[in-house]
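Starting off with a structure, shown below.
The values are calculated or read from the model by the stated rules, or taken from the named source; none is laboratory data. Just so it is clear, the model here is predicted, and its values are computed rather than measured. A quick note on method: Cβ atoms are made from the backbone with ideal geometry, for glycine too, and the neighbour counts reach across all protein chains shown. For the accessible areas, the whole protein counts, side chains as well, though only heavy atoms, and no ligand, DNA or RNA atoms are used. Shrake-Rupley method; radii C 1.70, N 1.55, O 1.52, S 1.80 Å.
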Number of protein chains: 2
Amino acid sequence: VASAPLHDSNGLEVLGRETCLELLAGRALGRIGLTSEALPTIVPVNYWFDGHRILVRTSPGTKLHAATVNTVVAFEVDDVDPVEHSGWSVVVTGPTAEITDPEELERLRHAPLPHWSSTDGHVIAIDPAIVSGRRLRPGPRAQP
Amino acid sequence: VASAPLHDSNGLEVLGRETCLELLAGRALGRIGLTSEALPTIVPVNYWFDGHRILVRTSPGTKLHAATVNTVVAFEVDDVDPVEHSGWSVVVTGPTAEITDPEELERLRHAPLPHWSSTDGHVIAIDPAIVSGRRLRPGPRAQP
């Protein structure tokens, strides 16, 4: 049943889970929000969404690796035109696990996962347990 | 004294604080990493860096407002070319405070702070206590 778009308290259109996952599938740069040494931080990462999980390469010894194995993280992707103030953002919160199955790792060697955020073959999967998204439409500008 | 650029364990150039703050000053869309209802999340926001603090509009009653008053948050800005894998990212971690001084709020009414993330006049300041940045250069691509 088609229905009118929902809007949140800021007037932004609320996107459904399927729309959010489609948007995730179309990008490659995201940001992981995590806690490192008891402080919140954000790490930009390249990722690949295989339709089920968000896959990110990590290197043992890095902050990202230490803080993303078997925990819960936030993951954000957006595409916003800074001039028009239009675009969208998707935020995922979910548990992470390192992929250790050799066959799966072999398949992922050929995944479209660029290397700039890591020089190693370790891969973390984020389960998109909670998914939310907003679409921004051009609105009134701030007073100059 | 000029010195060669530092690089981190992933081979990314480490940016100094002054460079990071200059990069912050040139953008308007960032992302706040925070904890909401005991789960990590990331909220995209428009911001203005006045040379000392990161200023963000919030509305009472929103997740952003509840989670950003008198706490410590992460704040991230990046500018990455997804095709060339070149660009930069800056991450700030620091304490937040709501601006309540009427004169200061009046001045901020005229700040370049667009409204898409809020419909209200409340302003949160993030103190950039910890600043780190990386510059990405085009590197080898993932195997297709």
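Quick one: with label points 7 Å out along Cα→Cβ, list the inter-copy distances for B:Arg109 in nm, shortest first?
Counterpart label points of B:Arg109 in the remaining copies fall at 6.5 nm.
In addition: Which of A:Ile126, A:Thr100, A:Gly30 sits farthest toward the positive end of the charge dipole of chain A, with +1 on the Cβ of Lys and Arg and -1 on the Cβ of Asp and Glu?
Farthest towards the positive pole: A:Gly30.
Still on this model: Quick one: pull the percent of accessible area on chain A belonging to carbon and sulfur, 1.4 Å probe, ligands and nucleic acids left out.
53
Okay, next question. If you average the C-alpha positions of the range A:1-25 and of the range B:1-52 separately, how far apart do those two centres end up, in angstrom?
When both Cα centres are located, 28 Å separates them.
Which of B:Leu55, B:Leu113, B:Val80 sits farthest toward the positive end of the charge dipole of chain B, with +1 on the Cβ of Lys and Arg and -1 on the Cβ of Asp and Glu?
The residue sitting farthest along the positive end of the dipole is B:Val80.
Right, next: Give me D for the range B:1-71 in µm² s⁻¹, whole number, from Stokes-Einstein with Rh from the Kirkwood sum over alpha-carbon pairs, 37 °C and 0.692 mPa s. Mind showing how you got there, number by number?
Details: Rh = 14.6 Å.
The Stokes-Einstein estimate is 225 µm²/s.
Oh, and also: How many percent of all Cα-Cα pairs in chain B sit more than 23 Å apart?
When all Cα pairs of chain B are counted, 40 percent exceed 23 Å.
Is the protein assembly as shown rounded, prolate or oblate when judged by the Cα gyration tensor, a ≥ b ≥ c being the square roots of its eigenvalues, rounded requiring a/c under 1.5 and prolate requiring a/b larger than b/c? If you can, show how the numbers build up before the last one.
On the way: a/c = 1.79, a/b = 1.29, b/c = 1.39.
Cα axes put the protein assembly as shown in the oblate bin.
Taking the Cα centre of chain B as the origin, how large is its charge dipole in debye, to the nearest 20, when only Lys and Arg (+1) and Asp and Glu (-1) carry charge on their Cβ atoms? Don't jump to the answer; show the numbers that get you there.
Numbers: 12 positive and 18 negative charges, 70 e Å.
That gives chain B a dipole magnitude of about 340 debye.
May I pose another question? Per residue of A:37-50, count partner chain C-beta atoms within 10 Å of its C-beta, then hand back the mean as an integer.
On the way: counts 1, 1, 7, 14, 10, 17, 6, 12, 0, 5, 0, 1, 0, 0.
Per residue, the number of nearby Cβ atoms from other chains is 5 on average.
Calculate, for the protein assembly as shown, the solvent-accessible area per residue in square angstrom, rolling a 1.4 angstrom probe over the heavy atoms of the protein chains.
Values: 14060 Å² over 288 residues.
Using a 1.4 Å probe on heavy atoms only, each residue of the protein assembly as shown averages 49 Å².
Right, another one. What total accessible surface area, summed over both chains, is buried at the interface between chains B and A, computed with a 1.4 Å probe and given in Å² to the nearest 100?
Working: alone 8600 and 8620 Å², together 14060 Å².
Its buried surface, counting both partners, is about 3200 Å².
What percent does the relative contact order of the range A:5-122 come to when contacts are Cα pairs within less than 8 Å and at least six residues apart?
Values: 169 pairs, mean separation 29.2, N = 118.
Rounded, it is 25 percent for the range A:5-122.
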